[in-house]
Amino acid sequence: MAYLKGGMSSEEEATFMRQLESDKELKEQAIAMARLVKGMKDVGLKRDQEVKEAFLSATKEEIEELSVSA
């Protein structure tokens, strides 16, 4: 996960890349994790856009009602 977040030093990254080249299972796991993270990010961005659109289309009364009930 540190690799996907850019949290490895250059030495750690080089070691990890060598491990990926020699360990097929690790490489498959890394690819699966990268796809999962991308999918979660895409869903989050879509949801953020939906919330933004809902907020922009809401009336003042709807917003006030939601803030009181929260």
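Taking the Cα atoms only, what angle lies between the long axis of helix 10-22 and the longest principal axis of the chain, rounded to 10 degrees?
Long axis of 10-22 versus the principal axis of the chain: about 70 degrees.
Please give me, ordered by residue number, the GluC sites (Glu not before Pro) of the chain that lie in loop per DSSP and have at most 14 other Cβ atoms within 10 Å.
Listed in order of number, the matching sites amount to none.
May I ask you to list the aspartates and glutamates whose Cα is less than 14 Å away from that of K27, ignoring any residue fewer than eight positions away on the same chain?
K27 reaches E13.
Could you compute how fast the chain diffuses translationally, taking Rh as the Kirkwood radius over C-alpha pairs and applying Stokes-Einstein at 10 °C with viscosity 1.306 mPa s? Give it in µm² per second.
Using the Kirkwood radius from Cα pairs, D works out to 103 µm²/s.
Counting only protein heavy atoms, what percent of the accessible surface of the chain is carbon or sulfur at a 1.4 Å probe?
That share works out to 57 percent.
Against the longest principal axis of the chain, how steep is helix 24-57, in degrees 0 to 90 to the nearest 10, with axes from Cα atoms?
10
May I ask you to list the lysines whose Cα is less than 23 Å away from that of K52, ignoring any residue fewer than eight positions away on the same chain?
K38, K41, K60
So what's the angle, to the nearest 10 degrees on a 0 to 90 scale, between helix 60-69 and the longest Cα principal axis of the chain?
On a 0 to 90 degree scale, this one is about 70.
The values are calculated or read from the model by the stated rules, or taken from the named source; none is laboratory data. A quick note: this is a predicted structure, and the numbers were derived from the prediction, not measured. Backbone-built Cβ (ideal geometry, glycine too); neighbour counts: all protein chains shown. Surface areas here come from the heavy atoms of the whole protein model, side chains and all, with no ligands, DNA or RNA. Shrake-Rupley method; radii C 1.70, N 1.55, O 1.52, S 1.80 Å.
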